[in-house]
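The values are calculated or read from the model by the stated rules, or taken from the named source; none is laboratory data. Keep in mind it's a predicted model, so treat the numbers as computed, not measured. Glycine gets a Cβ as well: all are built from the backbone with ideal geometry, and neighbour counts include every protein chain shown. Note: areas computed on protein heavy atoms with side chains; ligands, DNA, RNA excluded. Shrake-Rupley method; radii C 1.70, N 1.55, O 1.52, S 1.80 Å.
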Protein chains: 2
Amino acid sequence: MKVTRKSDYGLRALCTLAQRYNQEPVSIGQLSAEHKIPEPFLEKIMQELREHGLVEATHGRGGGYLLKKRPSAISLREIVHALDGPIALVTCLDPSLKCAIEDGCPTSPVWEIVNQKLEEYLGSLTLSDVMDLTHRPLSGEGDRVSGKVKVS
Amino acid sequence: MKVTRKSDYGLRALCTLAQRYNQEPVSIGQLSAEHKIPEPFLEKIMQELREHGLVEATHGRGGGYLLKKRPSAISLREIVHALDGPIALVTCLDPSLKCAIEDGCPTSPVWEIVNQKLEEYLGSLTLSDVMDLTHRPLSGEGDRVSGKVKVS
DNA sequence: CCAAAATCCGAGTGAAATACTCTGATTTCA
DNA sequence: TGAAATCAGAGTATTTCACTCGGATTTTGG
């Protein structure tokens with residue numbers, strides 16, 4: 001039950017791009033230095049994000065990556081989908097496979113529900129929300145609301 | 001982002017035990033035949049469930065496993081915890097490890113929130129709910145409520 | 001009492017997924 | 001034209017997963 005490092009690294013990089021939204025492009029070198037992510041690995045990640053239309057790249061000297069949409073229009077769900085693929089909480093739910101037990105599989109209905117809940121929730125969180133949370137971490141003051149992110 | 005087969009298999013086996021709550025114990029042989037789970041693997045799974053107090057075993061002829069609590073008192077969360085360990089959506093969140101980036105990790109706050117949501121949700125679903133869902137699958141009739149399980 | 005039926009326990013293994021790396025090509029701009 | 005950047009695809013090491021194996025222990029029916 002894990003989000004891969006790819007998704008986590010990708011999200012970190014996107015946070016930086018969100019901060020510099022509408023500014024100069026940011027290179028892999030800068031991003032990997034800032035977040036201590038291995039360069040060639042991050043390169044792959046950024047490529048996938050580009051292929052999924054979350055980011056655009058400019059080549060050559062002074063080049064790098066830019067967000068293609070505003071931070072509040074990019075959901076966690078999109079990011080995870082781009083890097084880890086659609087969420088299939090259980091192997092059964094992977095559309096490319098078929099459940100061994102054809103009829104009346106006793107568990108897939110629940111996993112489907114949980115899966116959907118998770119997708120919905122990830123869909124409701126945007127890059128802006130992530131940045132808000134980073135700058136005002138959850139500590140002490142009980143339940144807090146920031147934007148549409150409710151913790152309790 | 002997957003629940004392991006262990007958790008899925010464990011849940012299936014527990015469904016059977018829930019059906020026979022307060023009856024004779026059910027052996028690994030019966031359980032593995034019913035759900036097409038490899039016997040020695042299921043044996044391990046049942047042992048872990050016992051170690052976590054979800055199930056009790058009786059040895060020898062006619063022996064097998066029984067639920068230790070009523071089905072409505074066993075949550076999906078407990079089951080997953082017993083078999084896959086506490087949910088750590090991202091490696092960072094695993095209490096036994098430490099985040100590479102000590103301060104101001106830009107992503108852990110979000111993952112923590114999502115993690116907690118997921119735990120809460122799994123905690124709200126019980127074995128009884130799972131069984132209700134199995135017998136009345138979600139199809140056609142739009143959003144439906146069964147017990148405290150809300151799908152929409 | 002003893003043999004069969006069950007669980008218990010610890011170690012081991014094969015395959016797949018994850019987390020990367022490497023090499024070289026291509027684009028862009030100063 | 002060459003340095004700085006991305007692009008593209010193949011390759012590899014490590015870890016996790018999904019399961020196996022062998023033998024000990026407990027219980028009960030006959």
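If you take the residues of the stretch A:45-62 that are in a loop (DSSP other than H, G, I, E, B) and not hydrophobic (A, V, I, L, M, F, W, C), which of them is least open to solvent (accessible area, probe 1.4 Å)?
Quick first cut of the stretch A:45-62, residues in a loop (DSSP other than H, G, I, E, B) only: A:52-54, A:59-62.
The next check asks that each one be not hydrophobic (A, V, I, L, M, F, W, C); those that pass are A:52-53, A:59-62.
Details: A:HIS52: 107, A:GLY53: 26, A:HIS59: 173, A:GLY60: 60, A:ARG61: 240, A:GLY62: 67 Å².
By that ranking, first place goes to A:GLY53.
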- Could you list all residues from the stretch B:63-90 that are under 15 Å from B:ASN22 (Cα atoms) and either at pLDDT below 95 or within 14 Å of DNA strand D (Cβ to nearest atom) (or both)? B:GLY63, B:GLY64, B:TYR65, B:LEU66
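Scan the stretch A:1-44 residue by residue and report those that are of a type in the set (A, V, I, L, M, F, W, C) and either within 12 Å of DNA strand C (Cβ to nearest atom) or open to solvent by 70 Å² or more (accessible area, probe 1.4 Å) (or both). Break it down stepwise before answering.
So the first thing to find is which residues in the stretch A:1-44 are of a type in the set (A, V, I, L, M, F, W, C), and the list is A:1, A:3, A:11, A:13-15, A:17-18, A:26, A:28, A:31, A:33, A:37, A:41-42.
Listed by number, the residues that qualify are A:MET1, A:VAL3, A:ILE28, A:ALA33, A:ILE37, A:PHE41, A:LEU42.
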- Message: Contact list please: Cβ distance under 6 Å, first residue in the stretch A:55-72 and in contact (Cβ under 8 Å) with a residue 40 or more places away in the chain and within 16 Å of DNA strand C (Cβ to nearest atom), second residue among the polar types (S, T, N, Q) and in a loop (DSSP other than H, G, I, E, B), pairs at least six apart or on different chains.
- Response: A:GLY64/A:SER27
